[in-house]
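The structure under discussion appears below in the form of structure tokens.
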Amino acid sequence: MDQAITMNKTSFGTATTGKLGMWLFIVMDGLTFGAILIGGLGLRIGAESWPAAGSVLNVPLTAFNTFLLICSSFTMVMALNSIVRGDQKGLVKYLILTIAGGVLFLCVQVWEYSHFIIGSEHLESILKGAGFTGSQFLPTTGIYGSTFYATTMFHGLHVLSGVIYLSIILSMAFKEKFGPDNYDRVEIAGLFWHFIDLVWILVFTVIYLI
């Protein structure tokens, strides 16, 4: 144990190849998200009309979904802290909670999509008030619909990828592949998950609140 602690202290301030690779991916992917969000804002500025915040989208529901994702980021931190202390059960427990948070987030998002795609008279009245026709809110519902679906679905694919990624880490945790001197893969997975959470806060702000 003393040797493991010494190794971790020695490596403080340095990064493994895997961690550097993840940081590079995060920077590149962050630029992609930035381009999508800025492009959406540009389209909004150039549009003749744009629905007011909360007039079409369900802000309270998505705020709850945002809270779920933030909580999952916290449990990811706890998962890493657990394995740093050599707590295998804690690692498994918090990874499961993190994955559950991601799955619940996706379920809420799918429910929101289904509500928009199936449509209803109530939704039709909401869309009419926002300047749209029809009883469905689809990617073809003007620039607003295209921007909403393109941005949220792109992020949703990242959440799905993160859930799969963490599930692989969880399967390794069940086999006790990690320890106080071997948790780099858990930390790298955590970087990706925190990135997804941070990006969603920006997406939620730009798409739902502004």
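Scan the stretch 153-208 residue by residue and report those that are assigned to a helix (DSSP H, G or I) and small (Gly, Ala, Ser). Of everything in the stretch 153-208, those that are assigned to a helix (DSSP H, G or I) and small (Gly, Ala, Ser) turn out to be Gly156, Ser161, Gly162, Ser167, Ser171, Ala173, Ala189, Gly190.
Of the residues Gly30, Gly40, the single one that is in contact (Cβ under 8 Å) with a residue 12 or more places away in the chain, part of a helix (DSSP H, G or I), surrounded by fewer than 15 Cβ atoms within 10 Å (Cβ to Cβ) and of a type outside the set (A, V, I, L, M, F, W, C) is Gly30.
Matching residues to (1) free of Cβ contacts under 8 Å to residues at least 24 places away in the same chain; (2) of a type outside the set (Ser, Thr, Tyr); (3) surrounded by fewer than 18 Cβ atoms within 10 Å (Cβ to Cβ); (4) at negative phi:
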| residue | (1), (2), (3), (4) |
| --- | --- |
| Phe154 | no, yes, yes, yes |
| Gly162 | no, yes, no, yes |
| Leu166 | no, yes, no, yes |
| Ser171 | yes, no, yes, yes |
| Val199 | no, yes, no, yes |
| Leu202 | no, yes, yes, yes |
| Thr205 | yes, no, yes, yes |
| Ile210 | no, yes, yes, yes |
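Would you call Ser120 out of contact with any Phe, Trp or Tyr (no Cβ under 8 Å at 6 or more places or on another chain), under 15 Å from Thr152 (Cβ atoms) and free of Cβ contacts under 8 Å to residues at least 40 places away in the same chain? Judged against the criteria, Ser120 is not a match. Consider the stretch 75-91 and keep the residues that are in contact with a Ser or Thr (Cβ under 9 Å, 6 or more places away or on another chain) and closer than 18 Å to Phe192 by Cα. The one that is surrounded by the most Cβ atoms within 10 Å (Cβ to Cβ) is Ala79. With a requirement of 2 or more residues that are among the basic types (Lys, Arg) and either over 17 Å from the mean Cα position of the chain (by Cα) or closer than 28 Å to Glu176 by Cα (or both), the helices (runs of 4 or more DSSP H) lying completely within the stretch 48-146 that satisfy it span 88-118. Among the residues in the stretch 195-209, are any of a type in the set (D, E, K, R) and within 22 Å of Asn58 (Cβ to Cβ)? Scanning the stretch 195-209 turns up at least one residue that is of a type in the set (D, E, K, R) and within 22 Å of Asn58 (Cβ to Cβ). Contact annotation: residue pairs with Cβ atoms under 8 Å, 6 or more positions apart or on different chains, pairing a residue in the stretch 62-75 that is within 13 Å of Ala100 (Cα to Cα) with a partner that is in a helix (DSSP H, G or I) and among the acidic types (Asp, Glu), are Leu69/Asp197; Ile70/Asp197; Ser72/Asp197; Ser73/Asp197.
Coordinate-derived values only; no laboratory data. Please read all numbers here as calculations on a predicted model, not as lab measurements. We place every Cβ from the backbone using ideal geometry, glycine too, and count neighbours over all the protein chains shown.
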